[in-house]
Amino acid sequence: MKVSSLLSGIAVLSTSAAATEKSGGFGSRPAPWIKYDVPQDFSNPKGLARPAFRYWVPDADVEDAVLYADLQQIKQAGWGGVEVICLENYGIELAVVDPAIYGYGGDRWRQKFNTMLRASKDLDLLVDFALGPTQGASIPILDPDSPGMNTELAYGIVNLNSGQAFSGDIPTPSRTNAGYANKPDFDAPFTNYTNKFVAAVVARKSKVPSEDVRVTQLDFDGVDDITHLIEDGKLTYTAPADGNEYVVFAFYQRRTGYLAAQGAFNNATDPKNPASWFAYVVDHFSQEGTDIWTGFTEQYVMNGENGDLLRQLGLYAWEDSAEFRATLFWTDELRSYFRKTRGYDITTALPALFGTSGLPPSTLANSYFYYAFNNHENGTDISWKLRNDYYQCLQEMYEQYHLDGLSKWTSKWGLQGSLQPYATAPNAAPPWDMNSAAAHIDAPETESNYFDGVIDAFRAMGGGAMMGKKQIFSSELGAHRYFSYAATWPLILNDCKINYAGGVNRIVSHGFPYSGLRPQVEWPGLTTFEWLYSEMWGPRQPSWSYVKEMGDWIARTQLILQTGVPRIDIGIYRHKYLSVDIKHYNMGENIFWDQSLQDAGYSYVSVSPSLLKLDNAIISNGLLAENGPGFSAFIVDNSTNITSEAVDRFLEYANHGFPILFVGGVPETTPYYCDSCDQHVKQEVQKLTKYPSVKVLQSESEVVGALAALDVQPAARNLSPTPILYVHRIDEDNRVDYYWVYNSDIYEDHATEASIRGSGIPYTLDAWTGAITPIVNYTASGDRFNVWIELRSNQSTILAFAPHGFFPHVPVPDIHVTKTDVEYLNYSASSHSIIARSASKENKKITLSDGRVFTLSGLDQHSNPAALGPWNVTIQDWLPNPDKFNNYTSVYQYHNLQLDELIPWYNISGLSSTSGIGTYETQFTWNPNGKVNGALLDLGPVFNTIRLWVNSHWTGPIDITDAVVDITPFLKSGLNEVKIEVSSTLRNRLLQVNVTESWEQSQYASSYGGQPYGLTAPVKLIPFAEKVIKL
């Protein structure tokens, strides 16, 4: 952002490590929100404001000294915590050391976990940990056929013609293998799972065929429960002689035995050694599942000193996204819970629940349900309503037992629960409403990989976190398929910004692998996920010496995004029993398709109807959920159905004059099987539309105009439509409004005048340097400031509107600029002056708030930007250690060359495979004429990391989205020296080395392309003119 990033002269840098603190009352429910002292903490945030690293520890065959060294590297890089995972080859590849000795739950793992906890305490690191091996959804267990383990429903059938008799054994399950999201390379010792008979029904085939020829249509009024006819596993039954065909269904529940981690070699399990046991996914819909899950952790991982240390420095007990499956998810008490909550017996609806995916066919390509039910009166398919009742039952059991259960358990230990409430392998996966679930998790978590760079995908979950009043909404960030050893920091920070724009405020970086020696592993070291996903951070990466600037940028940004409470302009109705289905099927999540809403400045998130039943989902002071997101309006966008509870809430809101917009018509039915509810919705929606604050619109393009007509203004309004987005936080105690401002266009720069709500003094907070400066170019009217926002592609900045003196060490001028087209402005407290700078040859007018007008004279015709060069270049080329299986440290070869033109390394003869660190040096003469007062240095596009020295002075952290540096404080008359350091990834070297740690990586060279390392565009010296305006 030009207004703030180039004017501070010498960057403000932190010089001491922050002591990490776990806030008091962290285990209380509800936990008190952490309060930050932004004026004091912004330059060097601590605690939860700092990002964490996911730390992949393969098993207990690791060295204590290496564990300590890895954690020390993480701390020194600026990350404030670790998320410890016993990876065990992600439960896929065969173990390379015997899990009976080194596996999760054994004595050695507990000891190694203790080493990590002690090291974290010594290093002031906070700790999260997975509740089980690999993804945290499983536990080692001897008998996976036990209550509390992942359970499914399966069925067998017999087809009968009219009047046909059947006598014999009830049909056994024929569809029992849901398959694996990630199939393991090992087999389990236990395969004899018990098929427990649940119920039997007979259903009449419908005369009205399905529109999908693959689906067998049934009549719902022709289905009967015949469970009472079953005796000793046998059935005697004769179909009615009415000319119809019938299907007999027999339903069975069974444990799935879904494997998550390997047990002892040769399946030599020992009842006395939990490390030898195979790990299986637990039941996520019962208290038994939660108890067996957390109980194992208490008994075998947290016992002894580990529990005490976790009370001191532990934050989150964590579980990954659901990558487990079932033929149809079930739990022992589902039938009784369903009857209690849905008001009817699920038994007769069961035939309609089974399909190829377990999700609506519109969701996954070519998926379908095997059977469907018609309403016999009019032939209408009611299967979707029956399925939604089943999904809602599962949802409530998941929230009550698994999510709330985790929260209750963690509170005993002074911890909180954190997990990802969605399925990343959608086929036959749990059908969860992640927006609703997020309100039940202490710290809900999303991820950059599966949500795939779509801001609306994060908004789709973020509303649940906000309505649930969760201070932390975290993200597993940085996993990119096919980017192993190729992820760059511009890519990672782009991930951060997309997440932040969707409501995320804590990053867990993916990830840091154990750096010590491992069997069968060669240089550059242990590489997880069969080399498919990024990234393997640590000293093995050429960029590692430069990442402190990135860690500090993340920490300062997150400090603001965790301060106070969120403020969102619009809530948008979203009711889906599935996660965003982007990664695997290219079906992006869009809450609101038309860009006009966000281009006008409106912020929005999704809201599930279940969230409208929360105690805080009320109108106060004109806002919905004032102590949460504080919506100013609500949109129901092209929804064909709505819950009766939501309609009742909307009537309450409309009585308060709260704006509600229906787009694309109004829904006239509920998503559930309930005739009276359907009638209620139809009647009440008609009443609702008669309220003056309720509007029915034909398309999304009408929404911005309708909101304006209802006097619903965004907190930050773009006066010209532009993809500049705002994340708004309010600190009510200190009367401060914070705005994180982001140009969401990754290809083009954008600028607009913005009308922003706030009071007091406007400031810019620079997340790169830690500098806080007053904005000196604005106008104010009422509770609004008009500010010029100009951002490079993918650039962000932070604005604050605070009472005078809130930032006690930041001098503020009593006069400011109200109108100008000068590019750069700053306030100098030492001279009590506004400094105006321009690199233009045109004269620029500057109007002050006291009415005075000044002119900044433009540069003369000979003062032009100049490309520097030639360049003396030294490249430190990182190569495998000759003893690559026993030493993962890179060895270096140096290349010295001179370049007249800056081009990528792979275009330089002999350097096509070079990876490492490049140092570029040149000189220029500085003898400015009378109109030139200083200079900027434009470093061009930044591939990965960059640092600049002028005359041996480091110029400070550089915004890698806008690498233009004010070098005036470092210039001297005559000859000046410039040195630039850049780093690469290891991709290009690995294309040539092509190590073969796994079958996937053996195809590295054929699957990946090279990257353009180094400085690749001219580095330009840009002179500017300056005017000092005394106030």
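Just so it is clear, none of the values below were taken in a lab; they were calculated from the coordinates. Bear in mind the structure is a predicted one, so any value in this text is a computation, not a measurement. Backbone-built Cβ (ideal geometry, glycine too); neighbour counts: all protein chains shown.
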Kindly put 695, 183 in sequence by how many other C-beta atoms sit within 10 Å of each C-beta, fewest to most. 183, 695
Which one, 71, 100, 137, projects farthest toward the positive side of the charge dipole computed for the stretch 57-189 from Cβ point charges (K/R +1, D/E -1)? 137
Sorting 226, 170, 441 on the 10 Å Cβ count, fewest up front, what's the list? 226, 170, 441
Please report the spacing between the Cα centers of the stretch 490-512 and the stretch 929-979 in Å, no decimals. 28
In the stretch 518-560, whose amide N lies under 19 Å from the spot 7 Å out along Cα-to-Cβ of residue 185? List them in ranges. 518-534
Calculate, in nm to one decimal, what residue 992 and residue 159 gain on full extension: separation in residues at 0.36 nm each, minus their alpha carbon distance. 293.8 nm
Could you tally the net charge around residue 468, taking each other residue with its Cβ under 14 Å from the Cβ of residue 468, Lys/Arg +1 and Asp/Glu -1? -2
Once fully extended, how much extra length lies between residue 1017 and residue 615, figured as 0.36 nm per residue of separation less the alpha-carbon to alpha-carbon distance? 139.1 nm
Past the 30 Å Cα-Cα mark, which pairs from 196/385; 196/469; 385/695; 497/884; 112/408? 196/469; 497/884
Which order results if 543, 838, 336 are arranged by neighbouring Cβ count within 10 Å, fewest first? 336, 543, 838
Could you tell me how far the Cα centroid of the stretch 305-345 sits from the Cα centroid of the stretch 183-199, in Å? 20
To the nearest 10 degrees, the tilt of helix 675-688 (Cα long axis) against the first principal axis of the alpha carbons of the chain is 30
Could you quote the convex hull projected area for the chain, Cα atoms only and averaged over all directions, in nm²? 42.7
Using Cα pairs under 8 angstrom and six or more residues apart, how large is the relative contact order of the stretch 721-826, in percent? 32
For the stretch 866-1030: relative contact order, % (alpha-carbon pairs under 8 angstrom, 6 or more apart): 30
Given Cβ point charges of +1 (Lys, Arg) and -1 (Asp, Glu) and nothing else, what value in debye, to the nearest 20, does the dipole of the stretch 721-826 about its Cα centre take? 180
Virtual spin-label span in nm between residue 408 and residue 97, 7 Å along Cα→Cβ: 3.9
How far is helix 383-397 tilted, in degrees, relative to the longest principal axis of the Cα atoms in the chain, given as a value from 0 to 90 rounded to the nearest 10? 70
Work out the length of the dipole vector of the chain about its Cα centre, built from +1 on the beta-carbon of each Lys and Arg and -1 on the beta-carbon of each Asp and Glu, and round it to the nearest 20 debye. 2040
Can you list, by residue number, the Cys in the chain that have no neighbouring cysteine C-beta under 4.7 Å? 86, 393, 496
Report, in degrees rounded to the nearest 10, the 0 to 90 angle that the Cα long axis of helix 644-655 makes with the longest principal axis of the chain. 50
Provide the FRET efficiency to the nearest 0.05 for the residue 686-residue 753 pair, computing r from the beta carbons and using R0 = 41 Å. 0.45
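Only Lys, Arg, Asp and Glu count, each charged at its Cβ (+1, +1, -1, -1), so figure out the dipole size of the stretch 690-741 about its Cα centre, rounded to 20 debye.
With only Lys, Arg, Asp and Glu charged at Cβ, the dipole is about 180 debye.
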What's the center-to-center distance, using Cα atoms, between the stretch 599-652 and the stretch 223-237 in Å? 47
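Report the local net charge at residue 878: Lys and Arg +1, Asp and Glu -1, summed over other residues whose C-beta lies under 14 Å from its C-beta.
Counting the neighbours of residue 878, the net charge comes to +3.
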Given a cut-off of under 8 Å on Cα pairs at least six residues apart, what relative contact order in percent is computed for the stretch 643-757? 22
